[in-house]
Every structure is written in structure tokens, then in C-alpha cells.
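Have a look at the structure below before the remarks.
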Amino acid sequence: MKTRISLLLIIVGLLAASCKDFLDVNTDPNNPTEVSPDLVLPVGLNYTAVYEQQDRGLNHLGNMMMFNFGESNGFSWYDQEFKYNATSTFYDQMFDDAYSRSLKQYNILVNRPEGYYKAIGMIMEAYHFQILVDLYGDIPYSEALERGKKSNPKYDKGEEVYNDLLTKLSTAIATIDSTSNAESSVKVGDDDTVFGGDMSKWKAFANTLKIRILTRLSDTKPASFINDELAKISNSGAGYITDDVTINPGYEKEQEGKQNPYWNQLGVNASGTETLSYKATCATQFVINFFQNTNDTTRLGAIFQEDPSGYKGINQGQPNNSDDQTPDYVSNLKLGGGVLKSATMGSAIFTLAEHELNLAELAFKGFNVSGSAQSHYEAGIQASFDYLGASGASSYYTNGKENVDWNNSSNKMDAIMTQKWLATMGITAEQAWFDYNRTGYPDAKPVGVSTGPTAPTGFPLSAQAGSNKDRPVRLHYPASEITRNGSNVPDQPDPFTQKIFWAQ
Amino acid sequence: MIRKLLSLIACILILSGAVYAQGTVTGTVTDKETGDTFPGVNVVIPQLQIGAATNANGEYTIKNVPAGTYTITASFVGYKKYTAQIQVSDGEKVVHNIVLVPSVVGLNDVVVTAYGISRGKNSVAYQTQSVSSEDLNNAEVTSVAEGLVGKVAGLQINTQTSGVNSQKQILLRGLRSISGNNEALIVIDGSIASQSAFNDLNPNDIKSVDVLKGATAASLYGSNASNGALIVTTKQGDHDGLKVKYNHSTTWREVAYMPDFQSKFGSGWDGVYTPGENTNWGPRFDGQMRRIGPDFPADYPLDNQMVPYAPVKDNLKNFFNRGATAQNTISLSGGNESGSFYLSVGDQQTDGIVPNDEYKKYNFTANGSKELGDVTLGVNASFFKDNKNVVGNNIGAQDRAFYWFVLNNPKEIPLNKYSNWQDPTSYGYPDNYYNAYYENPYWAIGTNRDKSESKRLRGNISASWDIIDNINVTGRLGVNTVSGIGKDYRAAQHYDPQLKPSMTDVPSYVTDSEYQNTQVTGNLVAKGDFQLTEAFGLNAILGSSVETHQYRGSSMTANNLSIPNFFDISNGTGKIDASVNESQKRTFGVFGDFTFNYKEWAYLNVTGRQDFTSTLPSDNNSYFYPSAGLSLVLSKAIPAIGDIPFLSLLKVTANNSTVYKDLNPYQVNETYSQSGSFPFGTINGFYLSGTAIDNNIKKEKLNSTEFGLNTAFFDGRVTFDASYYFTKTTNLITNISPSIASGSTGYLTNIGQLSGNGMEFSLGGNVIEAKDFSWNVNLNYTSYEQKVDEIQPGADEIAIESYNAGYGTYAIKDMVFPQIKAVSYVRDPQGRVVIDPETGNPLIGDLKPMGKTTPDYTLGLNTSVNYKGLTVSATMDYRTGYVYYAQGLDIMEFTGRSIESASANRQNFVFPNSSYPDGNGGYTENTNIPISGGTMDFWQNHYNQIKENYVKDATAFKLRELSVNYSIPVELISKTRVISKLSVGLVAHNLLTILPDGQTKFSDPEFKNTGGGYDQNGIGVGGYLTPPPTRSYGFVVNIEF
């Protein structure tokens, strides 16, 4: 009996002894725990492209706010937009996607040792954080992106975020310079789907972003502040972008998920089918009239489809029940045109036109910018025509029309903002909305077409806007922050009256 | 088998050393009730302190008995102690046969506990409940879980989907973990298995299900134990002769009820009739002939479709078929003194209520045991195979669930007239179909299929060795392996843009998937039974167990197929989307369990288990689980109680245990995954997972304390059991919802504390027990509540499953878990709804708690009445005091199909019981400001945003089972000489459901849209992703040869 029991104890003992290796199986075979920065960067950039260009993305929001697009018969697609129903669920993905997708990836780069990647991470963080301030005002910034270490980040003043972004961009430029001097620095290659690893272009982009920031600040900051910052830009010697900034990881035409997101969602999907959003979306008659009345037919033709009966739009929130308002009879976005060029076109995140118009504004306001306001203004229009593949920019900006021809424009700010509105239409239209909120321009009034109630400035409003309301000047904080960060999120601002700090 | 197992543990040590060459006492022990011989009974001559246990044939031999007169006793758990006088002379062999009489009805139960160890119910210090084969399957259920509903106090089974093989959630005593798995552990024939293995069992193969309700009962199972356990024992052969049984049932299944919908208004938008609308915002029905669907061109082979603009009765309900399920099981069982076997073959074929939905399953079971000297070898094995072929659930360009396409039809549409979808000259044809937005569901059935097949081998082999009389070692190796394949496809659809301008072409895809899931468990358990002194006994168990779990699943999808209706990966264009997922988990544990008894009326049980797991950080992956319990049989201990004439048992128990829960594999590290669209050419990309991980994550701790009372009256004809328990869960491993600005959408960490308590009562009785007539009733009462004591500093709540539209399930500090929150009305101090005085519309308020999603209490009642051979049984339950979110009803508000949307006849009206601010901080009653947009806009965009409107009382009374069985009298069938038993019966399930009065019926409150997965605990949100609730009825035939 004793032997039998001993045998038993030995078996149990052996089992216990071998259990250490036995338990060593907790390595995930399908998901790595560490990856190099060249695998992190392109995902961040892809998220940025999607953020800007997807259906209900940032550009789309801008198009809705700036009266660019209407809705075809057969759809109740844009009820929320046409009502300016700026609640906590209205475009809440603008907040959530920025932090949980793009910024999360860029923050990994910021914390990497590789200098170039670190700098790109900082520049792209600045790009996103500025947009977040422009949309929301005060945002989580200094305590953001800490993941598990800070589940409930506090909110920082939008103005302080703006100031820090300027510093961050300077640091990024300095980091690029110091990395170039270091031997054996890790180079960036094709995984940089914006500039292909050309770090001088990243420095230029950092300066360009600074100009966007300074332009936005130009009404509220002292001139000395703006000029000091302009001097830093000038001293960096890195210049500005000379081309549109687009992201193209290598879009493919016939692969779902690999097409340009704007084409894929507002154009034609990978199986060759025109999407519902494409059909639902058309020009507003106001926009068509505006192009036509200003002899801007090449840009009109590049952006919108001309049907056999001519251009036909539907103004926002107007009844759209008649048969000739179905998608086949209205001016949808032009497939193969200037906005929807192709399934493989790059995703625009910053246009050269906008940059030139920013410089035009700074020059017009007398800040220390090289080049005259008019030259930047005309360069901006030229860049817009170039982006759209439209011809005749110079004959357009010399056609003598108000807010087209610099010399014939009585209100230069109106002219700059009108051109920014047209140049960003369908591309980065949110920029026109931000500046409209800041400046009240463009002041373009509907001509020969009935629109809804008109905003105080005269720029048209959706017919479904409440009579006492203007278009929103910001977004509500998202539902996710109310449920997940309730102790820090500020009280909901009035989205129609409480302007972002740079407009106050 | 149970008796035999008991025999192994119930031997007594022979203490006598003195040996004289004297007489022998021998004999056979039999059971009075059955006449069967009785192995494992202790036959003792106390004066001499000698004795013996009966062998497999029920025979005992006590040698070396000196001459004299003695008292001889025999005892066995659940039987009256036998006492008699014998006289022995030198050299004589005395034959003394013993007949054991069951002590009281209901008390001769033994409980099958952890590791298949049977124990006498008296010695068990925790609460269990056993469901026998007859109780489980008297109404011919299609799954074991279905057969348990309403029969066990503390056990809640939620049917979460409708359909041919519906998904069940099995909860014991509610939810104790916020994010962790709360489902009960399943043990089949002594080996840990899985819920899916449980679902795959043939109910006809089940001998019993023992429900170990609390963590203490299951604590020997380590980290699996915290949710209690269902110990399933499958049928074994008897030790005599051969029995052949055949069982057949056919049941029909039909829609029990459809949602309550308005039938006053038909197709249209904003009050205007529109042909082709799925929405119901048209004018009031007027009976006029109107065009529905496209305006066909002049040369089109079809005339425009005209229907009366009038409600069609049951137009959606009639879409569904009457389904049918046929089940057949043949079993063979038998054996001899040293061995037994049970073999069965079963099949089940189901046609669903959705046309062409099919499900088939087959079960093969082989159980056997063989004694070889002091070793008993056993095998329990079953093979299962099923095939499912149902309509897909990603239908149309919008990837909608199937039921959506049924619900999105106005009341004037005769939906069941569109089955002819392949004929271009039929109105069912895609281009001709009336609905401009959502496709013909018949077309969906024909072009979208989800097919799957799985095969499971589950079983174990065991060897049990009686090393010496009172020590036994049992080793058991179990396997539960399932593999499956699936094919899910969707055919492409191109629409004529002239006829269907609003339709987007549907792209095709085919997904092929495979998985294999293998669980291997082994355990080695040594048991010893020691009579330490005359009064003290010790039952000791030492053991070890090992469990490995391995999963691999892969899936590939090809899109935009080139050849129509050819669903193969090779037919895709573009790149194939493919993924592989693997995981592995191993645990190892050693444990001990010691039960001391004093005179068989006081039992003290202490257990401990040390566990090692692969899923926690290696420096902190081992933990110890203690438990202690006390059982006092007062009716035996205190003569005054024992002498109460009608009281046959009074037992009290108390226990406490601590168990821990570990993580899932690989959760301790943050990982990267390939990003959706990547690679682009040579550029690859990985994203950091949305969930951040706490570097110091620890195991989750559950402490529970339970008090129990077991009583029996009138020789066990009436029993009453009660238990009260409380639990505390701390260090909850929870995926909390941090601010998204933290750069993570989830954060896995230990938080907070949940504390719960509950009560269970069960009252059973044979109310009438006469010669030809009997009536018994079993009543179960369950109530429990888990309260959130603490979430974490700075946070008072976490979303379990939240929807951006403004509702979800939450864990909220100081409230019962889980809790529904929804966007609410704004109310003034008097509780009136505050409106906007300019529009008259109610203000849209914040997300507010709306109630808990677990019942205040559940009452289950089973009863059966028997007259001669006729038995009528019924099972019903009533759950109340909780709410659910009727997901889908809110969407029907958008489409104008809801009752509410027509309640004011599409007119503006003064919102009832409302007020508006008077400007001085008070409120003025609103008597005259009507809402605006009553034609449509109010309902679609305003009322619909106040999600409080869709939080409904989940109270339900359900008649779960009703059966009538008739056993043909033996006299009639004995003439056949072949058939020994024959019974026929009628059965019905869910025949009746009563939901609260005055509340719009939508779906079954038990339904849940997202079963499984991380949000499995977010119970209480459901309704529209699964077809409507069903009821079934049919007949059953049982024949024994």
C-alpha cells in the first residue's frame, strides 16, 4: 500500500514540477506587441486621409455648413445637417476618430527615438489638434493620449493649445535638423505617404501649418506676436509647401477599402457601383448660380456634373420631391472631374490654394509676409484651378467681377474668403466654414434663386434651419465625452452663438 | 453508477487486529424498492469493530467472527439504518441477507459534485438542486437548456435569439462580474466541457443535471468556479439485460406574436402618399386603388402594380412559415454484473419559420464501464454533427439584418405575394418590387445564405482503482473538440436605375471560414474515507487537474464575384481578405477537500485549491482558493427535533469561499494589428489596439457566503429548501470606457466592487399521492441583486454596451447592475414633461438611469398530475421588476409603423402632462401649446430621440411547457411480447406569453442583439435583429422493447 501511495505522490509531484514551462504559452501568435515606426506612420496618415475625406468626414461637414451640397429626390440623407442639429451626436466622429485613430498613431511616433518619425508625429499632431480646437474650442491636450495612464484627461484652453502647437511645430523642425546632423539616423521612406520621406517638405509643411494657425489668430493676437512667429518661420529657411498636400498610400481602383476614401464613399465603390451617397448628394442651385454669375464655368464643370438639361441643383432643405430632382437629373459631383478625379487620386489634407489665401490675408492685414496680398490671392486662385485641372485662372481673376478680380473687389476680406470658399469646395471645405465663423465672410448672396432663411451676413442658410438660428459656429462636445469624461468635459456651449476663441 | 461510485468511497477501515479462527457472516444486500442488489454497503458488527462492504453483486462476507450474539448493522446514504441480531458459532457460516429501505422520499438523493464525486446530500454544506431526466425532458425539448428553464431556483436561462438553433445564456444567481464571463461552468460526466458542448447534447441522453449554485460548490474547479456549475450526467446502462428505447417527437413552430403596429396610415412621406416608400407617413387608409412601386415605362412587360390603400391583416406575420422539428432517438442499454453500456443515436431536423431556414443535427453516444478486479474502467463519448442553412444577415447594400426587410413594409403591402422573385414578369422581381429602399425578403432568402457545419467529439476515459478498501484513485482524461466550417455568401444585384433610382447595386461576396476548438482536461483524484473514532469520520480528497484550451479560426472573403451564383473564393476579384486567429490557454491546479463528520449529523468541509494559469503575468499567475462549509442535520442531532412527528429532515448549512477569475489569453499585453486596408502595395501598416492594458492587472476576486436550510416533512412528501447568500466581487477585471481623448477606446484594468445578495426558495410536494392519482407541485422563487459599490476614483459608471443614439447598459455606482440608461424627458419638480414653449415639443434631456435589467424575482412552477397512465405536466415562470430596451421599436418610429406614431392621428397635440418654464424658476402647466411637426417630423426627429420612450417593462409570464402523456396500460401491450412500454403524448412550448397590459408589444424581453463577445453582460437591449418569438406544439411517442 505504501508503494502505491508513494507512486501517486510522485505522479502529482512531477506534474507540479513541469508546470512552469507548461504555462509559458501567453504570446499572441497573431498580433505583435512591438512594431517599427515605418509600420505605424502610414496607418496614421491613412486615418488622417479618411478623417478628412470620408463620407461624413471633415470636408463633408464643411460642404454642408457652407451650403455647397444639397440632396437629391429619394433620400433623407442630410436631415441632421439641414436642420443644423448640432447635438452631441452630430459629427461626433470628428472628436472620437481624431483621438482614437490618427492621434493615437502619431503619439506613438512622438515617443519613438527615431528623430524623423518623432518630428512627423509632432507635425501631424499639430495638424489634428488645431482642427480639434477649431471644431470644439477647449479640448483635452496636455493630458490627452496617455492611454491607461490618464483615462480622464482634463481640458485645456483652446488658446493655450494654439500657442503650444506653434512651439511643437518649431520643435519638430529643430528635431528634423538635429536628426539630419546625426549619423546613422533612421531614414523615412515610402511609408511616408505624403512626402515620400523628403524631410525638407515636412519642414515646409510645419511652416505652412504655422501660417494656418497665425491666420486664425490674426484677429485676436497682437501684431507683435504674429510678426515674431512669422520671423521664426522666415529664419527657419524651410519655406512653405509648393504643392497641395495629399496622402496616397497607393490607392487601388478595384479593391474595396483601397480606393481613395472620397471616391469610394461619395463616388463609385470598388465593384463599380455609384454609391448611395453619391446619388444623394448634388450641388446647391445657389453654388451653380454663383459660379455662373462670376464666369467661373471651368471650375463649375470640374466639380459638378452637367446633365443634358444643363446644371441643376437643389438648395439645402428645399423640397426635393419632383421627378426631375432624382439623381439622374441633378448635378452630382463630377466623376473623373476635379474633386472626384479617380479612385487612385491622393487624399487632400491641405491645399496650396488655401495656403496662398492665408498669406494673402496676413499680407492684406499688414503682417510681415513676403509678397503682396494680391499676388498671394491670385496665386491661390491659380492653385485652385490647378488642383481642379481647370483652365483659365488668369482670365478669371482679371474678369472685373466683385470678389473675383482683386482690383475690382470692394471688400478684400470678402474676396479672400469667397475665393477660399470656392477653392476648398469639396476638398477641405471645413476651412471655409472655420473662417466664415471667424470673419463672417464670404458674404455671397443668393441671386435669382430662393434659398432658406438667410444668415445675418446674407450667406444662405438651409431652408430647414430654425428661423431664429444661424448655422453652427462649432460642434457640441461628443456624446462619448459626456458619458466617459463627464467630470472634465465643459458645459455644452451654445453651438450657434459661442464662437471659438479666435473669433471673439 | 452513482451507487457504485458511492461504494468506492464508503468503505470502512477494518480496525480489528485480533484474529481467532471463527465463524463467517455472509449475505446479499438488496434495495427494497427496486429489488436490485446493492454494492458498496457497509455491513458492520459494531461490538467487534469489524465489518465489510458489499461487492459489485451486493454480497458481503465478514470473516473471523467469534462465536456469540451480535448486532449487525448496514447503512447507506439515503437509506434507513439496518439493525438486526445474529448468532454466530465457531466455524459456522451464517447467511444473513439484508434489505435496505429508503429512508424518506427525496432524501435518498446523492449529489454529484465536483469531479463527478457523489456525496450524500446531508454531508453537502452548500445548496444544489438536481433535475432528473424525466423533469428535464417531459416536454421533448430540443436542447438541455430549454428543459431547465423554470425548474431550478437561482438558474436563469435567457433565450437570446429566435431561429432554428437559438442561442441561450445560462446564468446562476445573476451577474457577478462587470466585464468577465458570467456564464455557469459546464461539466459533463466529470470533465469540464463548454456551453456549446452543452447546447449540442441530445436531451434524451441526459440522466440528470445537478446544479451547483454558488462559487463554494464549484470552488474545486478553480477559476472556472465563480459562476457555479451545471454537472451533467449522461445515461449509463443498467447491470441487467438489454433495453431498447425509441423516442420520436414532431413539433411545429410558429410566430407567437408580432410587434404591435399601427394600421391607420400607409406608405408615404410627411403626410403625402408616395409609391415605393418603406415608411408609413402617408395619408390615412381610404381603400382607394393606388400604385405601389415603380411607374413602369409604356413598353414594359408589366402593368403598374395597384393595391387597395387599406390595411392587410397580418401582412408581416403571414410572411413567416410554420416551422417543424422532428426528433428521433434510439438507445440500447444493458450490461451484466461487471459492466454496462449505453448507446444512442439521435437526429433532429428543423425547418425554421423563415422560409428555407434549415437545421439538422445528429448525436451518437456511447457510454460504457467495466470492472476488472479492483479497477473500474469507464468511457463516455459522444459525437455530434450539425448543419445549418439559414438566410444571411448582411443583406442589401446597407448590410442589414434579415428581419429588417420584413419590418420595413407598410400595412397595405401583401408581403407574402412576392415569393416569385426570380420571374422578371413578377412583382417580386428585384426591379419590379414595390419597395424603393429595402429589398424583397424572398429575394434575400434566395440570394443570401449562411451555411455552417460543425462536428464535435466529446468524451472521457477514466480508470478508478480501489487501492485498498477505503482509498480510491480515479484518473480521468477528457476531450471536447469541435471543428466547423462555414460559407456565407451574397449574390450581386444590379438595378435598373430608371425603375429603382434609390437603390444601390448590391455587391457580392463569399466568406469561407473554418475553426477548431480543442479542450483537453485531465484530473487525478484520490479519495479516502476514514472512521477516525466511533464518532468521528473523515472523508478526504486530494487531486490535481490540468486543462488546456486551444483555438484556431480562419476566414477568407472574396468580393465582387465574376461568375454569378458561383460562390467560391476563386471567383472573387481584388484581393482576398483573410485572417487567422489562434489562442491557447493552460491551467493547472492541485486541490484538497476534507469533510469531517461527527456522528453523521455534523459535517465540516474545508477545501483549498492552488491554481496556476498561463494568462496572467508569470510572476503573479498562481493563487489559492479556500472554502469552508458546515452542515448540521438538526433532525438527527437533536432528539427533540427528530421526534417532531411530521418533520423528517431539518438541516442547516453555511459556507464561505474565495475564488478568483483570471484573464483571457494574451490580454496582458497591448498589441498591434494590421490596419484594415493595408497593405497598399509594399507598404504595410499596423495600429495599436484600441484597448489599453493596465500593466499591473490582477485576478478578479469573488468572495461568497451562503446559508441554507433543507427540510422535509411527511416522510419527504413535502420538501422546502431555502438559501440566502451574499457575494462581493473586487478587483473586477473590466474593460472600462476611458475618455476617447486618452487615445484608447477601452482600458482593461481592475476596478471597483460589486456586492450582491440573493434568496432562493423551493417548495416541492406530492400534494396528492393515491393509488391511481397523484399530483405534485414544485415552486421555485429566485431573487437576487448585484449592486455597484464602487467603480473607480473619478468615475461613477461604465458603459457595458452603449449606443450613440442615446441608450445602453451601464454599471453605475450605488445602483443595481446592469442598468439601462437612455436619453430622457426633461421633467419639472412635479414630474411633468417640460416642453419648449415655442415648438410645444418636449425638451430632449440627458442620459438617465431607467431601471435594472435583472428581475426583482422569478417564480417558477412545475406541476404534474397523474391519473392512471395519464400525466399532464406544466412548467411556467414569471419574471418581474426589471426593464429592457426595445431596440427596433425606435426604428419603427422613424418609419411611422409604431403605434405611438399614429396615436394622435398625425395631428399636432398638446403633450400630455407637460409644462414649460414660467421665467421665474417655476413651471406653468401646458394646456394649449401643441407640439409641432405632428405629421411626421415630431415623431421621426423628436419623440424618437427621447429613448426613454423605448424602455419597457420586461415583466413576463410564460407558460414554458405543457405536456400530456399517456402510458398505454401494460396489459394492452404485453400481448405484443415485443413492446414493454409505450407512451404517447402531446407537448407544447411557450404556448402562452403574457406581457404587461397597456404596453406596446414588440419582441421578447429575453432577446439580445449581440450575444457573446465582450458586451455579453449588457443584457436588456434587444429586439429586432432576430425573427419574432415563436411557440411550438406537437406530439411524442416513446416505445421500450
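For trypsin sites (Lys or Arg not before Pro), the sites in segment B:849-958 that DSSP calls loop and that have at most 15 other Cβ atoms within 10 Å are B:Lys868. Here the residues A:Asp405, A:Asp38, ranked from fewest to most Cβ neighbours within 10 Å of their Cβ, fall in the order A:Asp405, A:Asp38. Peptide B:270-281 is shielded by partner chain Cβ atoms: per residue, an average of 1 of them sit within 10 Å of its Cβ.
Using the basic label-point model (7 angstrom from Cα toward the beta carbon), what is the B:Arg977 to A:Asp198 distance in nanometres? Reported label-point gap for B:Arg977 and A:Asp198 is 10.2 nm. Peptide packing: for A:96-104, A:471-479, the average count of neighbouring Cβ atoms within 10 Å per residue gives the ranking A:96-104, A:471-479, highest mean first. In chain A, what % of DSSP beta bridges are antiparallel (nearest 5)? Approximately 90 percent, going by the DSSP bridge assignments. Straight distance only, please: which lysines reach the Cα of B:Lys728 with their own Cα at less than 20 Å, same-chain residues fewer than 8 apart left out? Qualifying lysines at Cα under 20 Å: B:Lys213, B:Lys661, B:Lys698, B:Lys699, B:Lys701, B:Lys787, B:Lys813, B:Lys852. Taking a point 7 Å from the Cα of A:Val186 along the Cα-to-Cβ direction, the residues of segment B:651-692 with backbone N closer than 14 Å to it are B:686. With contacts taken as Cα pairs under 8 Å at a separation of at least 6 residues, segment A:261-325 carries a relative contact order of 27 percent. Summing +1 for each Lys or Arg and -1 for each Asp or Glu among the other residues whose beta-carbon sits under 14 angstrom from that of B:Gly293 gives -3. Peptide A:256-262 has a mean of 4 when you count, residue by residue, the C-beta atoms of other protein chains within 10 Å of its C-beta. Segment A:261-293 to segment A:182-239: how many Å between their Cα centroids? First find each Cα centre; the distance between them is then 34 Å.
Using the rule -39500 (n - 2.57) for each DSSP H run of four or more residues, divided by the residues of the protein assembly as shown, the 222 nm mean residue ellipticity is -5500 deg cm²/dmol. A Förster distance of 45 Å, applied to the separation of the beta-carbon atoms of A:Thr398 and A:Ala223, puts the FRET efficiency at 0.90. In the distance distribution for chain B, Cα-Cα pairs more than 58 Å apart total 19 percent.
Of the cross-linked pairs B:Lys500/B:Lys947; B:Lys80/B:Lys868; B:Lys636/B:Lys771; A:Lys253/A:Lys279; A:Lys118/A:Lys149, those separated by over 24 Å at the C-alpha level are B:Lys500/B:Lys947; B:Lys80/B:Lys868; B:Lys636/B:Lys771.
Listed from fewest to most Cβ neighbours within 10 Å, the set B:Tyr273, A:Tyr117, B:Tyr442 follows the order B:Tyr273, B:Tyr442, A:Tyr117. Site pair B:Val580 and B:Val379 shows an inter-label distance of 3.4 nm when each label is modelled 7 Å from Cα along Cα→Cβ. Spin-label pair B:Leu302-A:Ser178: with each label point 7 Å from Cα along the Cα-Cβ axis, the two points sit 7.2 nm from one another. For chain B, the antiparallel share of DSSP beta bridges with both residues in that region comes to about 95%.
Annotation: the antiparallel percentage among DSSP beta bridges lying fully within the protein assembly as shown is about 95.
Average projection, convex hull of the Cα set of the protein assembly as shown: 63.5 square nanometres. Peptide A:74-81 has a mean shielding of 3, counted as Cβ atoms of other protein chains within 10 Å of each residue's Cβ. Answer with one residue from A:Leu266, B:Val209, B:Tyr437: the one whose Cα lies farthest towards the positive end of the charge dipole of the protein assembly as shown, charges on Cβ with Lys, Arg +1 and Asp, Glu -1. Of the candidates, B:Val209 comes out farthest on the positive side.
Here, each number is a calculation from the coordinates, and none is a lab measurement. Everything numeric in this text was worked out from a predicted model, so none of it was measured. Glycine gets a Cβ as well: all are built from the backbone with ideal geometry, and neighbour counts include every protein chain shown.
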